[in-house]
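To start, the structure under review is shown below, and the notes come after it.
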Amino acid sequence: MSLEPRKAHIQTEYLEAMRSEISHWVSQYAYHNSLITITKCVLSEHGGRITVYVSVFPEHGMQGALSLLSRHGKEIADEIGKRYRHRRKPFLMFEADVASATANLIDATTIADAKIAELREAKKLASEEE
C-alpha cells in the first residue's frame, strides 16, 4: 500500500513529532540512571497504533526502560492527544531497537579490535628495541 506523496510527508512529520514528544516525556520523567533514546516510531497500517523503538545505554537497563514506558504509555498518549487534537489518540507499544543495539555492539567490537591491534603493534615495537 503506497501513500500519495503529500500523505506520506504528513505521516512522516506526524511520526517525527511523536518521537519528539515521547523523547521529551522521557527526558522529564524517566529514570536518569540509563540513557533512553527514542530511535523511531512506526504507524500501524490502520493508524491506531504506534510502535515506538527504544535504545537504552547501558543495555542492561532495557527491560526496566520498556517496563517504565509501557506503564506510562496511556499517560504519554494522553499528553500527545492534548497537543494533536485533530488526530485520534494513538495506542503506544514500546519495543527494543535491536538494530541500534547491534550497531552499538559492532562499534564496541571495532573499537576493541583497533585497541588490540594497537597493543600488538606496541608490543612488537618494544620487542624489536630489546
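Would you kindly identify the helices (runs of 4 or more DSSP H) lying entirely within the range 33-130 that contain at least 3 residues that are open to solvent by less than 40 Å² (accessible area, probe 1.4 Å), of a type outside the set (Lys, Arg) and modelled with pLDDT of 75 or more? Show your work before the answer.
Working: elements: 62-71, 73-83, 98-129.
Fully inside the range 33-130 and qualifying: 62-71, 73-83.
State yes or no: is TYR14 of a type in the set (Phe, Trp, Tyr) and free of Cβ contacts under 8 Å to residues at least 40 places away in the same chain? Considered against the rule, which asks whether it is of a type in the set (Phe, Trp, Tyr) and free of Cβ contacts under 8 Å to residues at least 40 places away in the same chain, TYR14 comes out as no. Once the range 22-32 is narrowed to residues that are polar (S, T, N, Q) and either within 15 Å of the chain's Cα centre (by Cα) or more than 21 Å from LYS89 (Cβ to Cβ) (or both), the residue that is surrounded by the most Cβ atoms within 10 Å (Cβ to Cβ) is SER23.
Could you list all residues from the range 26-47 that are touching a Lys or Arg at 6+ places or on another chain (Cβ under 7 Å) and touching a residue at least 24 places away in the same chain (Cβ under 8 Å)?
If we filter the range 26-47 for residues that are touching a Lys or Arg at 6+ places or on another chain (Cβ under 7 Å), which is where we start, we get 38, 40-41.
Within the range 26-47, LYS40, CYS41 meet the criteria.
The values are calculated or read from the model by the stated rules, or taken from the named source; none is laboratory data. Worth saying up front: this structure is predicted, and the values here are computed from it rather than measured. Because the Cβ atoms are built from the backbone with ideal geometry, glycine has one as well, and the counts that use them run over all protein chains shown. Surface areas here come from the heavy atoms of the whole protein model, side chains and all, with no ligands, DNA or RNA. Shrake-Rupley method; radii C 1.70, N 1.55, O 1.52, S 1.80 Å.
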